[in-house]
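All remarks here apply to the structure that follows.
The values are calculated or read from the model by the stated rules, or taken from the named source; none is laboratory data. Since the model is a prediction, treat every value here as computed from it, not as a measurement. Glycine also receives a Cβ, built like all others from the backbone with ideal geometry; neighbour counts cover every protein chain displayed. Calculation scope for accessible area: heavy atoms of the full protein, side chains included, ligands and nucleic acids excluded. Shrake-Rupley method; radii C 1.70, N 1.55, O 1.52, S 1.80 Å.
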Amino acid sequence: MFDKLFQAQQKAEEIKKRLDSISVSGEAEGGLIRVIATANKEIKEVTIDPIFLSNADQEELEELLVVALNKAIAQAENISQAEMQAASKDMLGGLGGLGGLFNQ
């Protein structure tokens with residue numbers, strides 16, 4: 001029992017490391033605002049076109065930053081869920097016929 005728990009914990013750590021190494025991005029206004037994050041939803045970089053920045057007002061900039069951030073986070077969430085589903089399927093596969101109880 002503890003062996004399975006240890007294996008699950010190790011698998012979770014492997015997934016976290018893999019997600020840390022995957023970059024996702026979100027853009028707004030045709031790429032004038034761009035956000036780079038990890039698949040673990042950690043924001044790594046925000047870039048704003050300098051010409052756009054000099055012409056944008058604060059409210060517009062804030063709205064577009066939210067759009068770009070949400071796009072990056074949504075992409076990270078999709079990747080994270082896919083990784084977790086794959087790991088769950090692998091772990092449930094070790095349960096023999098019980099994996100079918102969970103539509104796996």
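Some points to look at:
- Considering the conditions (1) surrounded by 13 or more Cβ atoms within 10 Å (Cβ to Cβ); (2) at pLDDT below 95; (3) under 16 Å from the mean Cα position of the chain (by Cα), residue 70 is excluded by exactly one of them, (2).
- Tabulated pairs, the range 57-85, first under 14 Å from residue 47 (Cβ atoms), second part of a helix (DSSP H, G or I) and open to solvent by 80 Å² or more (accessible area, probe 1.4 Å), C-beta under 9 angstrom, 6+ apart or interchain: 61/53; 64/29; 68/29
- Within the range 1-44, tally of residues that are polar (S, T, N, Q), touching a strand residue (DSSP E or B) at 6+ places or on another chain (Cβ under 8 Å) and closer than 17 Å to residue 84 by Cβ: 2
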